[in-house]
Amino acid sequence: MTEREGTIYYQIIHDRKPRQLLTEYKVFPSEWDNHRGMVVSVAKSNRHTFILALRERIRGDVERLGKIIRQLDNRGLTYTADDVIDEFHRYAREFSLFNFMESVIARLKQNGKDRTSETYNSALRSFKNFRRDEDIMLDCITTGIMEAYESWLHKRKVTPNTISFYMRILRAVYNRAVEAEIIDNRNPFRHVYTGVDKTVKRAIPLSVIKAIIGLELSMTPAIDFARDMFLMSFYLRGMSFIDMAYLKKSDLQNGSVTYRRRKTGQQLIIGWEPEMQKILDKYPENKTDYLLPIITNPVTNERKAYRNKCYNINRNLKKISKMIGIEVPITLYVARHSWASAAKVKGIPVSVISEGMGHNSETTTQIYLSSLDVSVIDRANNLILKCLQFK
């Protein structure tokens with residue numbers, strides 16, 4: 001006779017009143033040990049992995065029920081078995097990783113932290129792909145699950161820094177739940193990598209920058225624009241693209257650009273050179289308050305416009321890499337590394353550029369920059385730009 005699956009349930013008894021809490025877990029009679037009250041794996045069964053996972057989920061459920069009962073007892077209020085079940089279902093709705101992390105992301109957006117919310121979204125999408133969209137309760141996250149996720153990322157050739165990036169975000173969300181006393185800290189991230197590897201330098205020499213300047217791109221406006229924004233970043237001492245996008249017209253005064261880095265809040269002043277003005281003059285005056293032709297529509301979603309431009313520019317910069325025959329895929333970030341590399345060659349103090357801006361501590365760099373005469377850096381920048389002029 002063929003076995004039929006049965007549904008596992010928990011019996012909650014309080015004040016001698018029993019209630020049943022049905023689960024979605026189904027097992028065959030041969031997979032249930034009534035004496036020990038647990039699921040077991042039949043020898044050579046193809047459901048062995050499933051049973052082990054189910055056993056872990058049941059363990060998590062029982063621990064969660066115990067935690068709920070302790071919390072209700074501590075409140076000193078009268079409660080029923082039905083209250084325990086209701087609270088268990090509330091936990092399932094609100095304190096799964098997916099739901100809890102989505103609520104964190106929503107709060108980040110409400111607080112104006114769009115960039116942080118995007119990075120959290122990226123980490124969540126990655127973990128959802130690993131889980132094949134199967135949610136998991138926060139108190140069921142174990143070292144084994146996180147090690148399996150790390151292995152899954154490695155198999156997909158994800159870089160160590162990106163793996164660490166995802167892990168640190170997930171750990172931050174987990175720690176929020178610990179601080180809110182939703183879960184106890186099991187330290188599930190202790191065996192996975194959460195450090196930062198030194199990034200391989202992505203600088204290109206001034207000879208390659210000159211080759212990029214010399215390209216004839218008048219017939220390909222999109223590629224020409226990508227080249228211009230790359231060069232503008234380089235000319236502006238490796239300014240990040242997000243800072244370029246949000247430069248205001250009012251930031252350019254008396255021959256200098258004054259702005260605060262969106263990443264650190266540090267104020268920087270850069271001398272406005274003829275090469276910069278030449279690029280700016282190529283494009284119609286921006287209808288918005290922004291200086292550069294990146295966010296150009298007054299009624300658009302600025303964040304979305306910036307991201308779309310960034311994506312398209314980097315895609316076209318890769319085409320430029322092929323045009324000039326170099327293996328390094330050019331991106332906007334390469335401009336930042338390249339200026340730093342050239343600056344080091346031209347004598348800007350290492351304390352300022354902090355090893356090509358690949359520093360381990362940005363705070364140290366900020367301290368050094370704040371005490372330096374800006375004109376020293378501007379003179380060095382002018383020297384670098386002169387090296388690019390054709391004779």
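The values are calculated or read from the model by the stated rules, or taken from the named source; none is laboratory data. All values reported here derive from a predicted model rather than from experimental measurement. No Cβ is skipped: glycine too gets one built from the backbone with ideal geometry, and neighbour counts run over all protein chains shown. For accessibility, only protein heavy atoms count, side chains too; no ligands or nucleic acids. Shrake-Rupley method; radii C 1.70, N 1.55, O 1.52, S 1.80 Å.
Quick one: in the stretch 322-337, which of the residues that are in a helix (DSSP H, G or I) and under 28 Å from R261 (Cα atoms) is most open to solvent (accessible area, probe 1.4 Å)? In this case the residue turns out to be Y333. Looking across the stretch 97-146, the residues that are open to solvent by less than 50 Å² (accessible area, probe 1.4 Å), over 19 Å from N187 (Cα atoms) and of a type in the set (S, T, Y) come down to S103, S117, T119, Y120, S122, S126. The set of residues from the stretch 181-192 being open to solvent by less than 80 Å² (accessible area, probe 1.4 Å), at pLDDT 90 or above and not aromatic (F, W, Y) comprises N187, P188, V192. Looking only at the stretch 271-309, which residues are outside any loop (DSSP other than H, G, I, E, B), open to solvent by less than 30 Å² (accessible area, probe 1.4 Å) and either at pLDDT below 95 or touching a Ser or Thr at 6+ places or on another chain (Cβ under 9 Å) (or both)? Matches in the stretch 271-309: G271, Y290, A305, Y306. A count restricted to the stretch 13-46 and to residues that are under 20 Å from E3 (Cα atoms) and assigned to a loop (DSSP other than H, G, I, E, B) stands at 11.
Scan the stretch 26-50 for residues that are touching a residue at least 24 places away in the same chain (Cβ under 8 Å), out of contact with any helix residue (DSSP H, G or I) (no Cβ under 6 Å at 6 or more places or on another chain) and of a type outside the set (S, T, N, Q) and the total you get is 4.
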